Amino acid sequence: MKDLLPDLFDYFNNELVLLTTQYKQYAKRTIFWGEIVTIKCFEDNSKVKEILKTEGKGKVLFVDGGASLNRALLGDLIALSAVENGWEGIVINGCVRDAGALKMMDIGIKAIGTNPIKTQKKGVGEVNCMILMDNIIIIPGMMLYSDENGIGIANTELDLSRLL
């Protein structure tokens with residue numbers, strides 16, 4: 001399968017909303033989906049590192065980094081931890097670093113940009129909180145579907161059996 005979202009929006013138009021922010025693809029897996037886990041943090045990836053060390057099968061981490069371009073909230077070591085723990089993907093409203101290494105990893109990673117500077121670790125941030133993004137309320141437990149066409153959010157899991 002080369003694309004997912006066009007078919008999803010054709011079949012499930014009333015159940016999906018599209019994030020309008022244009023995220024760039026940074027990892028090997030270009031199509032991914034899963035149950036949303038949220039983090040809200042600003043220029044501190046302590047909570048990102050902590051969550052991605054846990055079991056992530058069937059889950060996508062959505063990080064609201066306040067669209068900061070000043071520091072990277074994800075790098076190769078934390079992303080590798082996510083791969084090892086079975087996460088389906090990571091979406092960051094902020095930056096990543098180690099873009100060359102991320103490209104080789106079998107996970108979905110989207111962010112709004114890159115920055116080689118790491119964050120300061122202060123242990124601040126909110127986990128499993130509501131996030132308002134592109135006038136869409138994102139709540140932990142919702143579903144995220146992503147491919148190179150964009151990111152769709154649904155309240156519940158969609159039946160993909162007729163598409164796959």
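Observations on the structure shown:
- Criterion: surrounded by fewer than 24 Cβ atoms within 10 Å (Cβ to Cβ), modelled with pLDDT of 95 or more, of a type in the set (A, V, I, L, M, F, W, C) and in contact with a strand residue (DSSP E or B) (Cβ under 8 Å, 6 or more places away or on another chain) - qualifying residue of Leu69, Leu80: Leu69
- Of the strands (runs of 3 or more DSSP E) that lie entirely inside the range 123-164, not one contains 2 or more residues that are within 20 Å of Leu8 (Cα to Cα) and at pLDDT below 95.
- Residue satisfying all of: in the range 24-53; charged (D, E, K, R) and assigned to a strand (DSSP E or B); surrounded by the most Cβ atoms within 10 Å (Cβ to Cβ) among these: Lys40
- Screening the candidates Asn155, Asn128, Asn115 for the property of being touching a Ser or Thr at 6+ places or on another chain (Cβ under 7 Å), in contact (Cβ under 8 Å) with a residue 24 or more places away in the chain and of a type in the set (S, T, N, Q) yields one hit, Asn128.
Yes or no, residue by residue, for (1) closer than 21 Å to Asp44 by Cβ; (2) buried (at least 21 other Cβ atoms within 10 Å of the Cβ):
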position	(1), (2)
Trp87	yes, yes
Val91	yes, yes
Ala101	no, no
Pro116	yes, no
Ile131	yes, no
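- For the range 54-98, the set of residues classified as assigned to a loop (DSSP other than H, G, I, E, B) and among the hydrophobic types (A, V, I, L, M, F, W, C) consists of Ala67, Leu69, listed by residue number.
- Of residues in the range 103-114 being more than 17 Å from Leu52 (Cα to Cα) and of a type outside the set (A, V, I, L, M), the one surrounded by the fewest Cβ atoms within 10 Å (Cβ to Cβ): Lys103
- Check on Thr156, more than 20 Å from Phe32 (Cα to Cα) and of a type in the set (Val, Ile, Thr): no
- Within the range 120-160, tally of residues that are touching a Pro at 6+ places or on another chain (Cβ under 7 Å) and charged (D, E, K, R): 0
- For the range 66-98, filtering for residues that are touching a Cys at 6+ places or on another chain (Cβ under 6 Å) and not hydrophobic (A, V, I, L, M, F, W, C) leaves 0.
The values are calculated or read from the model by the stated rules, or taken from the named source; none is laboratory data. Because the structure is predicted, anything quoted here is derived from the model rather than measured. Neighbour counts are summed over all protein chains in view; Cβ atoms, including those assigned to glycine, are modelled from backbone coordinates with ideal geometry.
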